[in-house]
């Protein structure tokens, strides 16, 4: 596909609690005019269509992402078109409109990002933020400010083993995400700067 102004697509994947969103937020804050953040979380299917496991709705399977819509919208961004998108708010379960405007660098981010080949093949450089499995539960608890009610230990860990860990092999770079965020940021900055010039 012929690209317009988009020079680089970066994909950042890894387990829940690895710090993906935090790092991408820092990248956008540093280069707000050059980086567009696209989250796979924005492509969750509607809540009433999510599969149920016991007493939970399972958000952690590949089929919970509308990969077709993600790919279509990514293609539109690549040819320079503004996209009228949307996202599902996980707290209110309401879908809200979201406008995506193409920029020089697109950073795709999500725990299942490398699962779908059609999306994975669109990414120029794939980065996996890696943490030990034993850190997933406490990191999620810290992020949410609540103890695990069983969802993380039973659903998230199972999904990590089945869906996320096997995609690590697709990464061009694997980064130890137990490092301080600033070190991770600098490593990713260095990777991106090997493809495009950033200051």
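Hydrodynamic estimate: the Kirkwood radius of the chain over Cα pairs, inserted into Stokes-Einstein at 10 °C and 1.306 mPa s, corresponds to D of 91 µm²/s.
Report the FRET efficiency, 1/(1 + (r/R0)^6), for residue 168 and residue 89, where r is their Cβ-Cβ distance and R0 is 22 Å, rounded to 0.05. The formula returns an efficiency of 0.15 here.
Against the chain, whose longest principal axis comes from its Cα atoms, helix 67-78 is set at around 20 degrees.
Averaging the inverse of every distinct alpha carbon separation and then flipping it gives the Kirkwood radius. What is it for the stretch 139-199, in angstrom units? About 14.3 Å, per the Kirkwood formula over Cα pairs. Annotation: the stretch 67-123 has a Kirkwood hydrodynamic radius of 12.5 angstrom, from the mean reciprocal C-alpha pair distance.
Roughly how tilted is helix 181-193, in degrees to the nearest 10 and between 0 and 90, from the longest Cα axis of the chain? Compared with the principal axis, the helix lies near 40 degrees. Between the Cα long axis of helix 20-30 and the first principal axis of the chain there is an angle of about 30°, rounded to the nearest 10.
Considering all different alpha carbon pairs of the stretch 89-153, the Kirkwood hydrodynamic radius works out to 15.3 Å.
Estimated purely from DSSP H runs of n ≥ 4, each contributing -39500 (n - 2.57), the mean residue ellipticity at 222 nm for the chain is -7000 deg cm²/dmol once divided by its residues.
Taking 0.36 nm per residue of sequence separation and removing the Cα-Cα distance, the residue 195/residue 47 pair yields an extension gain of 49.4 nm.
Taken together, the values in this text are just the output of simple stated rules run on the coordinates, not laboratory data. From a predicted model like this one, the values you see are computed outputs, not experimental measurements. Note that each Cβ is placed from the backbone with ideal geometry, even for glycine, and that neighbours are counted across all protein chains shown.
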